[in-house]
Amino acid sequence: MIRSNSRKKTRSILNNSDNTEGKASALESRFAQAQSRLNPRRQQLVRAILASADETCFLSSRELAKRYRVDATTILRATQVLGYQSYADFSADLRKHFVSRITPYTALKAATREKRTVADHIDHALEKALDNINTLKSDLDRQRMIDLAKLIKRSRRVLVVGLDFAAALAYYLAYGLSGLGFDAEAPRGATGYVQHKVKVLTPKDVLVAISFGQCLRDTVEAVLQARKQGVPTFGITDSDTTPIARYCDAHVVVSVVSPSFLNSYVAPTAVINAIHVACSHIDPKRALTRLRPTDREYAAGPRWYREPKGSNGDLP
């Protein structure tokens, strides 16, 4: 038996344009197309699953059947009518549906329902971060990293656009590329400043965009403007269906799933590190030539803290 309040939650999710920005998820689109082939009971079941995606997206088919007091066959047949060849494919789209609509409030609210100690929540966050890294290691297209490194090498300038929390990722990518001798920059500040930086790009440059979930408007618009100018674009995002993935010439998908109210940027940081590694080894002679002058600085330069002579390390 499906709880009646699930229908209310479903209508709230599907009709709330602030969450969806008017765009249906892949799962919602499938549901809309398949409604005529689903009997009323299965329609109600799918709506309930969508409404409680924060609780259902990680359940197995048997667990889902138990939750809604139906048999597992009903779950599997409903997903088949939606066009999925396996429950795993349906579950993956359900997770994407949830992540694309998650807000810091809903994420924290979902986490507080779990009966965990503070230490347990910390361990859970670390486990999810490790899962994201393991998924990245398994799924990352190494050749795509190499192709990006080659593109960066032949480009005149690299503009990395990542705003809000992704600004830290953009800075890290640009800073590492600068250390290897590339003209790389991650502009921060007002929308107009980012737009001005994009407008001076040419087809000899490259724009790297970093954004996740629904994606920030300014970052997506930077990609669209760059494309109009014939500038090659590359995206770092968390799904093949995000605006960054759809509009960039090429992209890499990396998970930012987290039980926290914020995305986990452990795996995106690892991707950026992989880009740095690819760029340094695509032309090691260039990289070594660029880094050679810094070798002495690291050994004895004034940039690093040194204990005063005669000090044993005690506090003053």
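Coordinate-derived values only; no laboratory data. Computed from a prediction, not measured in an experiment: that's the story for all the values here. Note that we place each Cβ from the backbone using ideal geometry, even for glycine, and neighbour counts take in every protein chain shown.
Can you sort Lys115, Lys204, Lys128 from fewest to most other Cβ atoms within 10 Å of each residue's own Cβ?
Ordered by Cβ neighbours within 10 Å, fewest first: Lys115, Lys204, Lys128.
Between the DSSP loop rule and a limit of at most 16 other Cβ atoms within 10 Å, which trypsin sites (Lys or Arg not before Pro) in segment 231-311 are left?
Listed in order of number, the matching sites are Arg303, Arg306, Lys309.
Among His281, His121, His97, which comes first, then next, by fewest other beta-carbon atoms within 10 Å?
The order, fewest Cβ neighbours first, is His281, His121, His97.
Please rank Cys279, Cys248, fewest neighbouring Cβ atoms within 10 Å first, as an exposure proxy.
Ordered from fewest to most neighbouring Cβ atoms within 10 Å, Cys279, Cys248 come out as Cys248, Cys279.
At a Förster radius of 35 Å, what calculated FRET efficiency corresponds to the Cβ-Cβ distance of Arg37 and Asp139, to the nearest 0.05?
According to the calculation, E is roughly 0.60.
Going by amide H atoms built from the backbone, whose H comes under 5 Å of the H on Asp183, apart from near neighbours?
Val158
Count the net charge of all other residues whose Cβ sits under 12 Å from the Cβ of Ala274, scoring Lys and Arg as +1 and Asp and Glu as -1.
+2
In sequence order, what are the phi-derived ³J(HN,Hα) couplings for segment 228-242 according to the Karplus relation 6.51 cos²θ - 1.76 cosθ + 1.60 with θ = phi - 60°, rounded to whole Hz, with x for glycine and proline?
Working through the residues one at a time gives 4, 8, x, 7, x, 10, 9, x, 10, 8, 10, 6, 6, 9, 6 Hz.
Tell me, what HN-Hα J-couplings in whole Hz come from the Karplus equation 6.51 cos²θ - 1.76 cosθ + 1.60 at θ = phi - 60° for each residue of segment 52-61, using x for Gly and Pro?
Karplus-based 3J(HN,Hα) across segment 52-61 equals 10, 4, 5, 9, 9, 5, 10, 8, 6, 4 Hz.
Can you tell me how much longer the chain between Val277 and Thr112 gets when fully stretched, taken as 0.36 nm per residue apart minus their C-alpha distance, in nm with one decimal?
The span from Val277 to Thr112 would gain 55.5 nm if fully extended.
Quick one: if you stick a label point 7 Å off each Cα along the C-beta vector at Arg62 and His124, how many nm between them?
Each label point lies 7 Å from its Cα, and together they span 2.3 nm.
Taking 0.36 nm per residue of sequence separation and subtracting the Cα-Cα distance, how much length would be gained by fully extending the chain between Trp304 and His196, in nm to one decimal?
35.3 nm
Using helices alone, what [θ] at 222 nm do you get for the chain, with -39,500 (n - 2.57) per DSSP H run of 4 or more residues, divided over all residues and rounded to the nearest 500?
The helix-only estimate for the chain comes to -18000 deg cm²/dmol at 222 nm.
What is the dipole size for the chain, taken about its Cα centre, with +1 at each Lys and Arg Cβ and -1 at each Asp and Glu Cβ, in debye to the nearest 20?
Using only the charged Cβ atoms, the result is roughly 760 debye.
Set the bar at 18 Å for Cα to Cα. Now go through Lys66/Lys115; Lys153/Lys285; Lys153/Lys197; Lys199/Lys228; Lys66/Lys96 and name every pair that lies beyond it.
Lys66/Lys115; Lys153/Lys197; Lys66/Lys96
Please state the shape class of the chain: rounded when a/c is under 1.5, otherwise prolate if a/b exceeds b/c and oblate if not, all from the C-alpha gyration tensor.
prolate
Can you bin segment 143-239 into rounded, prolate or oblate? Criterion: square roots of the alpha carbon gyration tensor eigenvalues sorted a ≥ b ≥ c, rounded for a/c under 1.5, prolate for a/b above b/c, oblate for the rest.
Here segment 143-239 falls in the rounded category.
Which value in nm describes the separation of the simple spin-label points at Thr241 and Ala270, placed 7 Å from the Cα toward the beta carbon?
2.4 nm
Within segment 24-75, list the trypsin sites (Lys or Arg not before Pro) lying in a DSSP loop whose Cβ has at most 13 other Cβ atoms in a 10 Å radius.
Passing both the DSSP loop test and the Cβ count: Arg69.
Explain nothing, just compute: Karplus ³J(HN,Hα) = 6.51 cos²θ - 1.76 cosθ + 1.60, θ = phi - 60°, for every residue of segment 264-269 in order, whole Hz, x for Gly and Pro.
8, 9, 5, 5, x, 5
I need the shape label for segment 30-133. Rule: rounded when a/c is under 1.5, else prolate if a/b > b/c, else oblate, with a, b, c from the alpha carbon gyration tensor.
Note, shape of segment 30-133 comes out prolate.
With a cut-off of at most 15 other beta carbons within 10 Å, and DSSP calling the residue loop, which chymotrypsin sites (Phe, Trp or Tyr not before Pro) in segment 213-291 qualify? Please list them.
Phe261
Taking amide H positions as placed in the peptide plane 1.01 Å from N, state which residues far from Ala209 in sequence (5 or more) or on other chains have amide H under 5 Å from it.
Long-range HN contacts for Ala209: Val161, Phe234, Gly235, Ile236.
Roughly speaking, what is the stretch gain from Asp295 to Ala26, that is 0.36 nm per residue apart minus the C-alpha to C-alpha distance, in nm to one decimal?
91.7 nm
Taking the Cβ-Cβ separation of Lys228 and Asp147 as r and a Förster radius of 30 Å, what is the calculated FRET efficiency to the nearest 0.05?
0.85
How charged is the neighbourhood of Tyr298? Take every other residue with its Cβ under 15 Å from the Cβ of Tyr298, and add Lys/Arg as +1 and Asp/Glu as -1.
+3
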